[in-house]
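J.: Quick one: structure below, then a few questions.
The values are calculated or read from the model by the stated rules, or taken from the named source; none is laboratory data. All figures in this text were calculated on a predicted structure; none of them were measured in a lab. Here the Cβ positions follow ideal geometry from the backbone for every residue, glycine too, while neighbour counts run over all protein chains shown. All accessible areas refer to the heavy atoms of the entire protein, side chains included, with ligands and DNA or RNA removed. Shrake-Rupley method; radii C 1.70, N 1.55, O 1.52, S 1.80 Å.
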Amino acid sequence: MGITSTFKTKAEQSHRTDTMQDYFDRPGGFAFETSLHGIRMLYDLKGVPTVLGDVSVTDPHLHKRMAEWCAIAQRLAEGPPVITIVLPSEYVLFRTIDGDVASQADQDWWTEQIVREKQLTRADVSVACQRIEERTFLAIVELQTLREANDFASSHGFWVSRFIGRPARKMQATEKLPGDPFVFRNPSPLVLQVQE
């Protein structure tokens, strides 16, 4: 790998900042940007996404790092640390439908057709939808994935407000998927979140 591959142009850095800003559901919010290999904690510092730390999922000190992050978040937040979890793109199924999915019944029908190949039902998944002109874009994730991510975060003192799925950049380009995030609500919200 050449040295130049580690640098990004100003346009790429700006795009990265813009997309990271979508991670926060409130000013001064927090996000876990997750991958198959690790977790990055982000903080909305006066509108600028700021990395508070990274940790590998195989790090023997993972629980200690999470406790440190929770302590930092509690100091920075006004109230309990509420976060958005950005899901690994590998855990989200993205599909494009040529045509408008006009109703919830239409969306449920298409979802059933798509998840059947994965031996799942509509009741097993959460769906986010975006419509752009004559096309509909669906993002589908298993509820079990959301519950496990929520349990992990809450076991470390964080309250999850929502989950975000975003296709990888290559997929956005080749399949003309939108760059805006697909938002999934927490399937197990805490009472505090319901009252907000």
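J.: Somewhere in the range 79-88, is a residue modelled with pLDDT under 85 and outside any strand (DSSP E or B)?
T.: Looking for residues that are modelled with pLDDT under 85 and outside any strand (DSSP E or B), one finds at least one in the range 79-88, hence yes.
J.: Another one. With respect to TRP69, determine if the residue is touching a strand residue (DSSP E or B) at 6+ places or on another chain (Cβ under 9 Å), open to solvent by 50 Å² or more (accessible area, probe 1.4 Å) and either under 18 Å from PRO167 (Cα atoms) or not aliphatic (A, V, I, L, M) (or both).
T.: Against the criterion (touching a strand residue (DSSP E or B) at 6+ places or on another chain (Cβ under 9 Å), open to solvent by 50 Å² or more (accessible area, probe 1.4 Å) and either under 18 Å from PRO167 (Cα atoms) or not aliphatic (A, V, I, L, M) (or both)), TRP69 does not qualify.
J.: Still on this structure: Would you mind stating whether ASP124 is in contact with an Asp or Glu (Cβ under 7 Å, 6 or more places away or on another chain), in contact (Cβ under 8 Å) with a residue 12 or more places away in the chain and of a type in the set (Asp, Glu)?
T.: Yes, satisfied.
Residues checked against (1) open to solvent by 30 Å² or more (accessible area, probe 1.4 Å); (2) within 24 Å of the chain's Cα centre (by Cα):
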site	(1), (2)
ARG95	yes, yes
GLY99	no, no
ASP106	yes, no
TRP109	yes, no
LEU120	yes, yes
ALA123	yes, yes
SER126	no, yes
ARG131	yes, yes
